[in-house]
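*Asks:* My structure is below; once you've seen it, I'll send some questions.
The values are calculated or read from the model by the stated rules, or taken from the named source; none is laboratory data. Just so it is clear, the model here is predicted, and its values are computed rather than measured. Positions of Cβ are generated from backbone atoms using ideal geometry, with glycine treated the same way; all protein chains shown enter the neighbour counts. Surface accessibility is based on the protein's heavy atoms, side chains included, excluding ligands, DNA and RNA. Shrake-Rupley method; radii C 1.70, N 1.55, O 1.52, S 1.80 Å.
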Amino acid sequence: MRLLATVTAVLVGASMVTNSPASVCRAAETRPVSHVLDSVAFGVAASEAAHSTVAELSDIVTGGVGQPARRLLPHEPVTWQGGSLTFSLKVDPSSANYVTFKLWGSDASAVASRLLLSSNGLAIGYRDQGDYDIVNQVEAMPLYPGRFVYVTLPLPPSLTNGKTTLSITLSAIGPIYPYGGSFEQRQKPFSAPSRGVYAAYSSTSAYFELPASERQGGAPVYAVRPSPGPETMDKVRNRVNTFALKLTGQPVKQEMATPKEISGVPVFLATAYETPWCSVYHDGKTLQKIVQVGDAFAIAQSRDSNFVGSDWCGAGPLGWALLRVYPALDASGALAENIALPSGKSVPRRQAWADTLRASVDYWRDHRRFYTNQSMIVDQYIYTANEGLRLLDPSRARPKDEVLAYLYQATGIQPWLGSETSERSGGGGDLPEGGFTATPYGRNYSLMTEKGLGRELGFVSGYGETVLHFGSDIYRLTGDEKLRAQLIKMAHARAPFRYPLADHDGYKAMVLEAITDNRNGHYPGDVAYGAHHGSRESEPMEVAALTKDPQIVGVAQQELADNQYFSYLTSHLTVGDPFQVYGLLTAVDDYDIVSKLPASTYRLPMTDGQPDYVWADEGDAVVAVKHGDRRMYFNFYYRAERAINGLVRIHDMTATAERIVTARSQFEYTPSGSEYTRPDWVDGIRGTGFPPPGTTLHQAWAGEKMPIQKRPADAILPKYGDWGPYLGRADFYSLAYGSYVIGLNTNASKSYKLTVPKGGKAVKDLATGKTVKGTGAITVGPKSTVVLYVEP
């Protein structure tokens with residue numbers, strides 16, 4: 001059915017305003033849902049001709065359910081660009097317009113090529129990680145097997161106002177490496193055909209109704225992976241033991257540019273030394289190797305006083321090793337021996353190591369990070385460096401409650417207060433704006449939401465998963481009960497963001513929600529249960545083994561029932577990084593613990609057969625909904641880094657189709673008195689980046705005016721116009737999407753009104769299951785969310 005009601009967000013409380021000064025499209029989104037304006041079927045000659053289609057470097061294939069599609073092909077010789085497809089569609093001259101592309105969910109490729117949108121030489125959106133995102137990216141894992149995927153994006157009003165048709169170009173480029181330092185490092189070649197493009201549609205609604213005349217696919221039935229099984233644990237032990245023996249026999253690298261080059265070695269070896277089943281358990285050669293690593297740190301720091309500041313871990317890994325093996329080292333007499341430093345001095349090893357650890361603590365106290373996972377890394381190693389120093393020279397260590405407070409801040413137990421004020425650094429941290437003293441974002445800014453998601457600039461999927469591993473290591477190191485409770489909260493908060501899909505080999509799995517990711521989105525995410533399989537910083541059983549929380553244990557048991565855990569371990573048997581082998585080492589004992597725990601009835605909420613479910617995190621402005629066989633994710637704070645963009649990223653999955661949507665919401669906000677004008681950038685939203693060579697591309701969205709949310713009174717950063725927390729998150733959002741209406745209130749003290757839509761048999765509150773009486777406005781209280789469903 002079509003939802004014919006409108007949604008109006010009515011303000012309760014003064015000092016707020018609605019929408020932005022230039023929100024023509026936002027206002028239009030309250031119009032009734034309308035029909036598709038126009039469509040073109042690619043690979044169908046008559047349809048292409050009627051829409052002035054010009055295909056360059058393209059072929060036609062027979063794809064999903066026997067329908068034709070066009071693929072875009074590489075140049076010969078290969079370049080970073082591929083073919084293109086230009087066509088015309090009707091648009092509404094006075095309304096907001098959207099374009100939708102039809103793709104086949106079974107397509108996959110090892111070359112993660114991208115599809116970009118433009119019109120008459122103007123880029124419609126960004127090449128990488130923009131709020132106006134790419135059309136799609138094909139990856140090695142199929143996006144939605146056996147069904148079509150419909151991608152809907154808004155069109156700039158500047159291109160459609162007063163017009164009845166618009167020429168649109170879809171082009172292919174190669175993969176992008178987001179951390180490349182030049183165009184050549186960042187942009188990879190387009191070397192394989194793109195995924196097939198079946199059709200394009202124009203409409204005045206972000207909700208795309210599947211055309212009744214078009215054949216759709218259906219949900220596949222996935223079998224449980226038959227192998228490998230528990231025998232994998234023997235292979236894991238063999239891999240760990242072989243690696244440990246090899247590592248103890250190798251020389252330690254002395255000429256290091258950064259601590260990262262050997263930082264995993266002491267962590268792995270110290271843990272292996274204390275693990276009874278390991279081949280180097282209580283082996284003197286292992287202690288000798290740890291001593292060599294400690295000397296390498298001390299010598300490098302003596303040579304370059306900035307050495308410990310050249311990587312986030314600093315000398316923290318040496319402190320980690322001391323926390324494990326200090327009694328044995330002390331008893332061996334090695335710490336009393338002298339070592340020769342580059343300065344020509346010969347000093348006791350205990351003193352040289354203590355000097356290095358103290359330098360590391362001092363530097364990183366003054367250079368803390370404000371992204372959650374980064375803060376957890378830095379503060380964890382401040383803690384280990386300090387506690388290792390306490391063992392060597394207690395008089396030089398910082399008070400333990402002080403460094404424990406860093407961990408509380410990093411994990412969101414306490415507000416994050418920034419870097420320490422220090423004469424050594426002039427109070428300068430290394431946030432994007434630099435140069436703050438303390439409490440840059442105010443005394444109440446937290447790196448975790450109240451619900452337990454990491455707070456960067458909104459919801460983070462893949463990178464957000466790393467908090468489970470770092471939180472586990474922090475708890476392993478401290479045994480602190482507050483950190484254990486926070487780890488449980490983090491794991492619970494991430495549970496809604498897994499949904500059923502096939503793994504790389506087509507077997508039954510749960511995968512990570514990544515379409516709505518604010519950072520480095522993937523199509524789709526990797527297998528994920530207790531932790532994200534695709535991350536370097538993951539070990540899926542560790543949170544369950546450490547906490548024994550029944551809900552988290554249930555997730556681990558679900559992974560074992562789906563036989564995905566041993567596949568994960570098998571894929572890691574060839575890793576050579578000591579940190580990753582450390583993950584294998586801990587996995588052995590973690591699995592042994594979990595396998596003996598009582599059965600839990602809990603299963604991930606998006607699993608087939610689970611009841612209807614609504615979960616929202618107002619801190620990150622995200623909503624997860626399971627309604628029958630439909631699963632939906634809404635990110636209202638989608639890549640809004642400098643100002644409120646009003647965009648909602650939606651991932652909507654049914655048995656017959658998947659929708660990936662960038663829609664517009666209504667919103668309320670507290671004015672800062674400033675607004676942001678979208679610049680003429682095409683590479684990304686944080687600067688000019690590395691735009692493509694050749695003819696200069698311009699951004700069709702350039703010039704868009706966006707309001708900036710007022711930051712808290714005691715916050716001195718970010719500056720208005722810069723990027724950072726607060727500036728792009730509104731106080732209240734409302735959205736009409738198909739038969740659903742959502743009101744999300746991020747404000748801690750104010751309430752807002754959401755109009756109950758008319759039409760249909762009844763309106764249900766999906767969170768409570770109750771029917772909403774009447775058709776007036778309902779109140780959405782502070783830090784709460786309402787999801788309504790209009791029954792057809």
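*Asks:* Counting only residues that are buried (at least 17 other Cβ atoms within 10 Å of the Cβ), part of a loop (DSSP other than H, G, I, E, B) and of a type in the set (Asp, Glu), how many does region 263-299 have?
*Replies:* Total meeting the criteria: 1.
*Asks:* Going by what's in this entry, would Ser419 be described as closer than 26 Å to Gly724 by Cβ, open to solvent by less than 10 Å² (accessible area, probe 1.4 Å), at pLDDT below 95 and among the small types (Gly, Ala, Ser)?
*Replies:* Spelling it out, Ser419 is indeed closer than 26 Å to Gly724 by Cβ, open to solvent by less than 10 Å² (accessible area, probe 1.4 Å), at pLDDT below 95 and among the small types (Gly, Ala, Ser).
*Asks:* While we're looking at this one, here's another question. Exactly one of these conditions fails for Met606: (1) over 22 Å from Glu274 (Cα atoms); (2) of a type outside the set (S, T, N, Q); (3) outside any loop (DSSP other than H, G, I, E, B). Give me its number.
*Replies:* The one condition Met606 does not meet is (3).
*Asks:* While we're on this one: In the set Glu456, Glu450, which member is among the acidic types (Asp, Glu), at pLDDT 95 or above and not in a strand (DSSP E or B)?
*Replies:* The conditions single out Glu450.
*Asks:* Take Tyr326 and decide whether it is assigned to a helix (DSSP H, G or I) and buried (at least 23 other Cβ atoms within 10 Å of the Cβ).
*Replies:* No.
For every residue, the table says whether it meets (1) over 33 Å from the mean Cα position of the chain (by Cα); (2) of a type in the set (S, T, N, Q); (3) open to solvent by 20 Å² or more (accessible area, probe 1.4 Å); (4) within 22 Å of Ser158 (Cβ to Cβ).
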| site | (1), (2), (3), (4) |
| --- | --- |
| Ser58 | yes, yes, yes, no |
| Gln67 | yes, yes, yes, no |
| Thr79 | no, yes, yes, no |
| Leu89 | yes, no, no, yes |
| Asp92 | yes, no, yes, yes |
| Lys102 | no, no, no, no |
| Ser106 | no, yes, yes, no |
| Ala112 | no, no, yes, no |
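*Asks:* Only residues that are touching a residue at least 60 places away in the same chain (Cβ under 8 Å), open to solvent by 60 Å² or more (accessible area, probe 1.4 Å) and farther than 27 Å from Gln557 by Cα: list them for region 214-245, please.
*Replies:* Arg215
*Asks:* State all residues of region 146-162 that are at negative phi and surrounded by fewer than 19 Cβ atoms within 10 Å (Cβ to Cβ); if no residue qualifies, say none.
*Replies:* Residues satisfying the conditions are Ser158, Leu159, Asn161.
*Asks:* Also, quick follow-up: Limited to region 174-190, what total is found for residues that are within 14 Å of Gly689 (Cβ to Cβ), touching a strand residue (DSSP E or B) at 6+ places or on another chain (Cβ under 9 Å) and of a type outside the set (Phe, Trp, Tyr)?
*Replies:* Looking only at that region, the number is 4.
*Asks:* If you don't mind, there's one more thing I want to ask. For region 479-506, what are the residues that are assigned to a helix (DSSP H, G or I), touching a residue at least 24 places away in the same chain (Cβ under 8 Å) and either in contact with a Pro (Cβ under 8 Å, 6 or more places away or on another chain) or not hydrophobic (A, V, I, L, M, F, W, C) (or both)?
*Replies:* Result: Lys482, Arg484, Gln486, Lys489, His492, Arg494, Ala495, Pro496.
*Asks:* Something else: Can you name every one of the strands (runs of 3 or more DSSP E) wholly within region 623-700 that holds 3 or more residues which are in contact (Cβ under 8 Å) with a residue 60 or more places away in the chain and either open to solvent by 10 Å² or more (accessible area, probe 1.4 Å) or touching a strand residue (DSSP E or B) at 6+ places or on another chain (Cβ under 9 Å) (or both)?
*Replies:* Because the criterion is at least 3 residues that are in contact (Cβ under 8 Å) with a residue 60 or more places away in the chain and either open to solvent by 10 Å² or more (accessible area, probe 1.4 Å) or touching a strand residue (DSSP E or B) at 6+ places or on another chain (Cβ under 9 Å) (or both), the strands (runs of 3 or more DSSP E) in region 623-700 that meet it are 630-635, 647-653, 657-664, 666-669.
*Asks:* On to the next question. Any idea how many residues of region 577-589 are out of contact with any Ser or Thr (no Cβ under 9 Å at 6 or more places or on another chain) and surrounded by 15 or more Cβ atoms within 10 Å (Cβ to Cβ)?
*Replies:* Total satisfying the criteria: 4.
*Asks:* While we're here: Condition (residue is touching a residue at least 40 places away in the same chain (Cβ under 8 Å) and over 35 Å from the mean Cα position of the chain (by Cα)) applied to region 266-277: is it met by at least one residue?
*Replies:* yes
*Asks:* With respect to Gly435, determine if the residue is modelled with pLDDT of 95 or more, at positive phi and open to solvent by 20 Å² or more (accessible area, probe 1.4 Å).
*Replies:* When the stated conditions are applied, Gly435 does not pass them.
*Asks:* Check every one of the strands (runs of 3 or more DSSP E) wholly within region 42-94 and list those with 3 or more residues that are of a type in the set (A, V, I, L, M, F, W, C).
*Replies:* 81-90
*Asks:* Take the residues in region 534-592 that are touching a His at 6+ places or on another chain (Cβ under 6 Å) and not in a helix (DSSP H, G or I); name whichever of them is modelled with the lowest pLDDT.
*Replies:* Glu537
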